[in-house]
Amino acid sequence: MFKKAVITLISLLLASALLGGCSAGDTSSETYSDTAFMLDTVVSVKIYGVPEADARAAVDAAFSEIARLEGVLSSNIVGNGIDLLAQNAGTGYTELDYDAVYVLRKAVEYAELTGGAFDPTVGPVVALWNIRNGSGYVPTDEERAAAAALVDYNKILFDENGRVMLADTGMSVNLGAIAKGYIADRVKALLTSMGIEHAVISLGGNVLAFGGKPDGSDFVIGIQDPFGSTGEIAATVSVRDMSVVSSGDYERYFEADGIRYHHIMDPFAGAPANSGISGVTILSDKSVDGDALSTAVFVLGRNEGLELIESLDGVECVLIGSGGERTVSSGLKDSVVFR
């Protein structure tokens, strides 16, 4: 389904109690959170500073929106727009939900920005390797080449009526590297419309914190150690009104003949990216941007990836190399605390 299947970015805040008490009539210290298994991962929404009944209603609404968008954007739901787009590849246009069209257009923007290191038409490659639940398939060189030949974001066609077509038969899109970011942004917009001013949205490896804590302090977000167990922290960063998205080779993988194959695919090679990076964390205003960039930087590697991030306003990164090397973009040098 969606790319990041394990909770790889841990908010230290989510370890606190589900509901904090406060004095009568004072809601400033109230917190309420709930979790659910959605998007093929554990998701959590935590609300600060409003009465429990209001917070509960907001969290329920957030989960409903996540479920709706999962139905629209997943590539594994038979009969939804993304599935029909693949079925109609090379033959005609498909009418898609507004959210799917928006995410596809955003995905094409990032494909162009990254020279194809991020490419939403990587669907055939993802399907070929079929990495899930610790299992997968190691294709032949011929199979990898055939799947990679179907990857080309330039062949996503949009008509004047907002419909979409994949130019060649056999093409498909996989939005797992951008959809959770978009969903996090939409949930933030929904919560804001309901009067929520302080919250943390956690969708597996995507954390979106907004408003800061009601007491004026920042949220402290933990960055997963790629070489540790789930929840083991390599670093922390303090943020407010910021998305923190991580991708890594530790999230979803399988082993065959002593080799570990992870789920982040290099669109050019038709195989798991081998860039010398084990973990990428992107900080950005919008989670949709951080989601796409985390994959692109992982594929590009340290030098090209860092150069890309340094060229973008309002975007920062933390990179952890496959040998444990740590690299921080210039705007974060005084903000990240390594363990």
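Quick check on residue 158: is it surrounded by fewer than 17 Cβ atoms within 10 Å (Cβ to Cβ) and either within 27 Å of residue 186 (Cβ to Cβ) or more than 20 Å from the chain's Cα centre (by Cα) (or both)? So residue 158 fits the description; yes.
Strands (runs of 3 or more DSSP E) fully within the range 1-79 that include at least 1 residues being modelled with pLDDT of 95 or more: 31-38, 41-48. Determine if the range 272-292 includes at least one residue that is part of a strand (DSSP E or B), closer than 17 Å to residue 132 by Cβ and touching a helix residue (DSSP H, G or I) at 6+ places or on another chain (Cβ under 9 Å). Yes. Considering the range 161-213, the residues that are small (Gly, Ala, Ser) and under 14 Å from residue 241 (Cα atoms) include one that is surrounded by the fewest Cβ atoms within 10 Å (Cβ to Cβ), namely 189. Of the residues 107, 117, the single one that is in a helix (DSSP H, G or I), crowded, with 17+ Cβ neighbours inside 10 Å and at pLDDT 95 or above is 107. Filtering the range 260-307 to residues that are touching a residue at least 40 places away in the same chain (Cβ under 8 Å), among the hydrophobic types (A, V, I, L, M, F, W, C) and farther than 24 Å from residue 173 by Cα leaves 277, 283.
Find all pairs meeting these conditions: Cβ atoms under 7 angstrom apart; at least six residues apart or on different chains; first residue within the range 215-233 and free of Cβ contacts under 8 Å to residues at least 60 places away in the same chain; second residue among the hydroxyl-bearing types (Ser, Thr, Tyr). Listed pairs, sorted by first residue: 218/238. Each residue in the range 293-339 was checked for being in a strand (DSSP E or B) and under 17 Å from the mean Cα position of the chain (by Cα), and 4 pass.
The values are calculated or read from the model by the stated rules, or taken from the named source; none is laboratory data. A quick note: this is a predicted structure, and the numbers were derived from the prediction, not measured. Heads up, the Cβs are rebuilt from the backbone with ideal geometry, glycines too, and the neighbour counts pull from every protein chain shown.
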